[in-house]
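*Asks:* Below: one structure in structure tokens.
The values are calculated or read from the model by the stated rules, or taken from the named source; none is laboratory data. On a predicted model such as this, the values are computed, not experimentally measured, just so you know. In this analysis, Cβ positions are derived from the backbone assuming ideal geometry, glycine residues included, and neighbour counts consider all displayed protein chains. Ligands, DNA and RNA are stripped out before the accessible areas are found, and what is left, the full protein with its side chains, is counted by its heavy atoms. Shrake-Rupley method; radii C 1.70, N 1.55, O 1.52, S 1.80 Å.
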Amino acid sequence: MKLNLFGVEVEVVQGDIAFQPDVDAVVNAANAYLRPGGGVAGAIHRAAGTGLEEECRPLAPIKPGEAVITGGHNLPNKYVIHCLGPIYGIDEPADELLALCYRNALKLAEENEIVSIAFPAISTGVFGYPLEKAARVALKTVKETVPGLKKVKLIRFVLFDKKAFEVHKKVLQDLI
Ligand code: ADP
């Protein structure tokens, strides 16, 4: 599903964040230490190779809501933007910290003249953020941010499973 908001394509697809060859940047649902780990971070670091971990080391640790940018190494993307989402029930206020991730990632994208960017559903895996609640925060934040974007023209949400994809699709439809 795809729609145009203020000249920016906002798209929801089912897929693997480590296999998005047509976008300039992919977003990593990182851990504070910017280490490989599981889930999205595992997939991104596996595909990028050890050079990514080396580039990340001096940038860590980061705090919930923060984002940092690196090269894509062996990924097909020029950049990786690493965001630390809130751990649900621990990092508060969760909705503001999650929104901050998306805002900070898009700010870095603008600063680096990134035209296309793909996000996973940050915090909805190991960090336990309920899927629909997280989807509402993510898509609402994107909707609020797009009018101010000058460089970014495509924002893609890449959802790993069908359920997450359906939830994001519904939330995006509700928002328009
Ligand atoms: P967090 O620690 O921020 O919760 P996770 O990586 O554990 O991050 O999970 C975030 C979301 O990404 C979950 O919904 C999970 O199902 C999904 N996910 C896991 N692997 C991938 C992948 N390769 N591509 C896209 N999404 C993924």
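*Asks:* For the chain, which cysteines have no disulfide-compatible partner, meaning no other cysteine Cβ under 4.7 Å?
*Replies:* That list is C56.
*Asks:* Compute the accessible area per residue over the range 1-114, keeping the other protein chains in place, probe 1.4 Å, unit Å².
*Replies:* Values: 5300 Å² over 114 residues.
Value returned for the range 1-114: 47 Å² of accessible area per residue.
*Asks:* I would also like to ask the following. Would you work out which of A41, Q14, G148 lies farthest towards the positive end of the dipole of the chain? Charges go on Cβ: Lys and Arg +1, Asp and Glu -1.
*Replies:* Projecting each Cα onto the dipole axis, the largest value belongs to Q14.
*Asks:* Separate question: Could you tell me which helices of the chain pass both thresholds, a Cα extent of 18 Å or more along their own axis and a mean Kyte-Doolittle hydropathy of at least -0.5, with helices taken as whole DSSP H runs?
*Replies:* Values: long enough: 94-111 (26 Å, 0.08); 131-145 (21 Å, -0.21); 162-175 (20 Å, -0.62).
Both cut-offs are met by 94-111, 131-145.
*Asks:* Compute the projected area of the convex hull of the Cα atoms of the range 2-175, averaged over all viewing directions, and report it in nm² to one decimal place. Walk me through the numbers on the way to the answer.
*Replies:* Details: hull surface 33.9 nm².
Projected over every direction and averaged, the Cα hull of the range 2-175 covers 8.5 nm².
*Asks:* How large is the accessible surface of R35 in square angstrom, using a 1.4 angstrom probe and rounding to the nearest 10?
*Replies:* Looks like 130 Å² after rounding.
*Asks:* With a 1.4 Å probe and every protein chain kept in, tell me what percent of the accessible surface of the range 2-175 is carbon plus sulfur.
*Replies:* Values: 4380 of 8000 Å².
Percent of accessible area from carbon and sulfur atoms in the range 2-175: 55.
*Asks:* To make sure I understand the rule: partners must be lysines, Cα under 18 Å from the Cα of K170, and not fewer than 8 residues away in the same chain. Which ones qualify?
*Replies:* Straight-line reach from K170, under 18 Å: K2, K133, K140, K143, K162.
*Asks:* At a 1.4 Å probe radius, which order do F127, F6 fall into by accessible area, largest first? Could you put the intermediate results ahead of the total?
*Replies:* Numbers: F127 50, F6 155 Å².
Heavy-atom accessible area, descending, gives F6, F127.
*Asks:* So, one more: If you place +1 on the Cβ of every Lys and Arg, -1 on the Cβ of every Asp and Glu, and leave all else neutral, what size is the dipole of the chain about its Cα centre, to the nearest 20 Debye? Working shown, then result.
*Replies:* Numbers: 20 positive and 21 negative charges, 57 e Å.
Dipole magnitude for the chain comes out near 280 debye.
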